[in-house]
Each structure stands twice: as structure tokens, then as C-alpha cells.
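Novice: My structure is below; once you've seen it, I'll send some questions.
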Amino acid sequence: MKKLISIFTILTLIALLILSGKSYAVTLDTINVQVDKQTITPSEEVKLTIGFGQQLGAYTFKISYDNNIFEYVKVEGGTANDTGDKVIVTFYDVSGGTSPRNNMSVTFKAKANITTSNPTEFMVTGEGLANSDASVTFDDITVPIVKNVTVEPAYVDYSFKLQHVGDIIKQEEKAMTLSYFSTMGRYYEHARLVAEASSPQGATVKLLAVNNTGLEQDIIQSGFGDAQGYKIGGKDVSVDLQTKAIFSDAGDYTITLKLIDRDNSDTVIAQKSFGFTAVETTSQVVPPVNTPENTETQVPGNTNETNKVENKEEVKQEKPSKLPKTGKNIYVPIVLVLIALGGGYVFYNRKK
């Protein structure tokens, strides 16, 4: 009998302890973690908010982050300890249950030097969770709650230039500089440069460049570089190719340059068309000599100056090719000879 009484007493004490004690092993399934932005740019902030679904008087949350991409900024709803790759936020209602919280938040900032697309994640765990008066405690959150964020630069589209100097003569090589560039180019693992051309009927055009293996390629026919493509992207991308263009006939041509993504069914990343005109021969233009006369006549509408030039030309035309001699008059000796001959004739007739 005594033994039964002892067992009953022990069971009663255990029941009282259970009923009067704290409740354990309660799951807090109302936790909700959100980020205010799914994609941000370098130097931009993102806020991670943990909603409790009810008021808590005590908690410790750990938010893990990639410190190559983010830096910690601030916390709201507790005391933060930033370990470099994890922010530990602790809160305890010292008022004894009169100032509980139903959420907390942590703000991070993406680093300014990011030049590529960076999908990353925040991982949240929790422990020491209790209700407002600490009468109920909750299980630790050991399986991380994950929230994804992508840090991506504000990309600038790629642009093209295809430049040359002087006339384009048919069937003659014309040196051209082909450039494509971007101040912040999106990254591609396998990009490739290709070209298309339109020509007069029966005419052809080539755009030749030497690749890094020393092989000359016609960009219009086969593209440029490795057929599988090459990496491109980042800050201040600038590629210059020295090319040679050959136009078979005189006429108008169009060359369209394209940058394509080999990993995405050759999707066009950027493109631009350039128009060219090939001629038969170079025009030979002799520049005028800048004499005072030419300079004056080049003034548009200056009639007086033009007349001055014409008058000068007339004076030049009236000038004799041989200047007359100066000194004695040539007619004096002629008269003397005639007088002598006449005198001799009279004297001869008298003698007879």
C-alpha cells in the first residue's frame, strides 16, 4: 500500500511540475523571411526582414552572407555583431514582456567594385526564441531559411565603329579599324564577332583580319576568332581590330557587324550597319596656287577685286615682247643719207 502511495505522489509532483513549468518543443512555424529587392546594382542596399508571426520577447538570429559581395550596414530590432560573413542579432525584452517585437531587419550594401552578375543568398537560422513573457520557448531554427539575391551591374550595350581614311577604290585593299566597346559590358563566356554584307549585283566584298593564331580570316564569310567564341565583358571593354576591306566593283555596299552569344543559339548581343561607296579611281584634284591674284578671286561676290585681276591680266598681254632702244633718233641718219644722195645727183647733172 505504501508503495502505491509513493508512486502516486511522485506522479502527482511530476504532473504539477509539467503544468506549472515552461512549455518546450514548440515549433515557431510562423517565421517569414523576405528581402525587399531580388536584384540590385553595385553600391545599392538590400534589406532582409524576419517576421515572427507573433510577438517575441527574446531571440538570436544569425544571418550568413557572402562578404565578397556584401557589407553589413545596420540592424533594426536587436544588437548586432558582424563577424565578417555572418551578422548575429540578439534581443531580450528587459522590460519583462512589455516591449516585445514582431519582426527585425538587417540591411546590407553590395560592394561597388562588382563587375559581373553575382547570384548569391542569405541564410537565416535562429535560437533562444521565446514569447513575450518568456512563458513559452520555441525550437531552434537549425535548417537555414534561404533567400536569393542577384547583384548585377548596370550594363551598357556594346557599340561598333568601322572607320577608314580616303576614297575606297574598287579591287584595292582599304585599311579599316574595326572597334567594339562598352563602358560596362555584360559578361559572356562565348561571344563571337561576325558580319554580313550587301553588294551591287554581281559584286563582292571582303573584310579581312588576322586572328591571334596568325591566320587571316574573312569576317563576312567565317566570322572572327575561335568558332566556339571567347570571353568578353566587364568595365571599359574595348577591342580594336586592324582590318582590310576589298570591294570588287564600284557601287554602294553595306557591312553589318554583329556580336553573338554562342551559348544562347547565336543570339545577337549587339549589331550596327555601315555604308560604303567604292569608286573606279581616285579623283585627282590639283589644289590652286595661293598667289595674291588667286587669293583675291576666291572671295565670293567681290566684283571689284575680280576686275583688278582681269585688268592686271590685260596689262600683261599689252606688254611688248622686246623693249625699244633708247638714245639717238633712228630717223636722223636716214635723212642725212637722202640729202647726200640728192646733192650728188644735182652735182653730177651740172657737170654734164
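The values are calculated or read from the model by the stated rules, or taken from the named source; none is laboratory data. The model shown is predicted, which means the values in this text are computed figures rather than measured ones. Heads up, the Cβs are rebuilt from the backbone with ideal geometry, glycines too, and the neighbour counts pull from every protein chain shown. The area values use the complete protein model at the heavy-atom level, side chains included, leaving out ligands, DNA and RNA. Shrake-Rupley method; radii C 1.70, N 1.55, O 1.52, S 1.80 Å.
Novice: Pick from Ala203, Ala197, Ala209, Ala191: which is aliphatic (A, V, I, L, M), in a loop (DSSP other than H, G, I, E, B) and touching a Phe, Trp or Tyr at 6+ places or on another chain (Cβ under 8 Å)?
Specialist: Ala203
Novice: Kindly indicate whether any position in the stretch 181-190 is over 15 Å from the mean Cα position of the chain (by Cα), closer than 19 Å to Arg262 by Cα, touching a residue at least 12 places away in the same chain (Cβ under 8 Å) and open to solvent by less than 70 Å² (accessible area, probe 1.4 Å).
Specialist: Yes.
Novice: Any residue that is open to solvent by 60 Å² or more (accessible area, probe 1.4 Å), among the β-branched types (Val, Ile, Thr) and within 30 Å of Val26 (Cβ to Cβ) - is there at least one of those in the stretch 56-66?
Specialist: Looking for residues that are open to solvent by 60 Å² or more (accessible area, probe 1.4 Å), among the β-branched types (Val, Ile, Thr) and within 30 Å of Val26 (Cβ to Cβ), one finds none in the stretch 56-66, hence no.
Novice: So, in the stretch 260-270, how many residues would count as being surrounded by 17 or more Cβ atoms within 10 Å (Cβ to Cβ) and either among the acidic types (Asp, Glu) or over 19 Å from Leu162 (Cα atoms) (or both)?
Specialist: Number satisfying all stated conditions: 2.
Novice: Any residue at all in the stretch 158-169 that is among the β-branched types (Val, Ile, Thr), open to solvent by 40 Å² or more (accessible area, probe 1.4 Å) and within 30 Å of Ala203 (Cα to Cα)?
Specialist: yes
Novice: Please go through the stretch 37-72 and pick out each residue that is farther than 20 Å from Pro144 by Cβ and without any contact (Cβ under 8 Å) to a residue 60 or more places away in the chain.
Specialist: Glu71
Novice: Among the numbered criteria (1) at pLDDT 95 or above; (2) under 19 Å from the mean Cα position of the chain (by Cα), which single criterion is violated by Lys235?
Specialist: If we test Lys235 against (1) at pLDDT 95 or above; (2) under 19 Å from the mean Cα position of the chain (by Cα), just (1) comes out false.
Novice: Among the candidates Val143, Val165, Val151, Val156, single out the residue that is over 28 Å from the mean Cα position of the chain (by Cα) and either on the phi < 0 side of the Ramachandran plot or not basic (Lys, Arg) (or both).
Specialist: Answer to the check: Val143.
Novice: Let me ask another. Filter the stretch 91-105 down to the residues that are open to solvent by 40 Å² or more (accessible area, probe 1.4 Å) and touching an Asp or Glu at 6+ places or on another chain (Cβ under 6 Å) and list them by number.
Specialist: Result: Ser99, single match.
Novice: Report yes if Asp263 is at pLDDT 95 or above, assigned to a helix (DSSP H, G or I) and in contact with a strand residue (DSSP E or B) (Cβ under 8 Å, 6 or more places away or on another chain), otherwise no.
Specialist: So Asp263 fits the description; yes.
Conditions (1) open to solvent by 40 Å² or more (accessible area, probe 1.4 Å); (2) assigned to a strand (DSSP E or B); (3) closer than 22 Å to Ser199 by Cα, marked per residue:
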{"site": "Leu241", "(1), (2), (3)": "no, yes, no"}
{"site": "Ala245", "(1), (2), (3)": "no, yes, yes"}
{"site": "Asp249", "(1), (2), (3)": "yes, no, yes"}
{"site": "Thr254", "(1), (2), (3)": "yes, yes, yes"}
{"site": "Lys258", "(1), (2), (3)": "no, yes, yes"}
{"site": "Lys272", "(1), (2), (3)": "yes, yes, yes"}
{"site": "Gly275", "(1), (2), (3)": "yes, yes, yes"}
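Novice: Taking the residues in the stretch 195-211 that are of a type outside the set (A, V, I, L, M, F, W, C) and closer than 20 Å to Thr177 by Cβ as candidates, determine which candidate is least open to solvent (accessible area, probe 1.4 Å).
Specialist: So, considering only residues that are of a type outside the set (A, V, I, L, M, F, W, C) and closer than 20 Å to Thr177 by Cβ, the one least open to solvent (accessible area, probe 1.4 Å) is Asn211.
Novice: If a residue has to be in a strand (DSSP E or B), open to solvent by 40 Å² or more (accessible area, probe 1.4 Å), of a type outside the set (Asp, Glu) and free of Cβ contacts under 8 Å to residues at least 60 places away in the same chain to count, how many in the stretch 212-239 make the cut?
Specialist: Residues that pass the stated criteria total 3.
Novice: What number of residues within the stretch 106-129 are open to solvent by 10 Å² or more (accessible area, probe 1.4 Å) and more than 33 Å from the chain's Cα centre (by Cα)?
Specialist: Looking only at that region, the number is 4.
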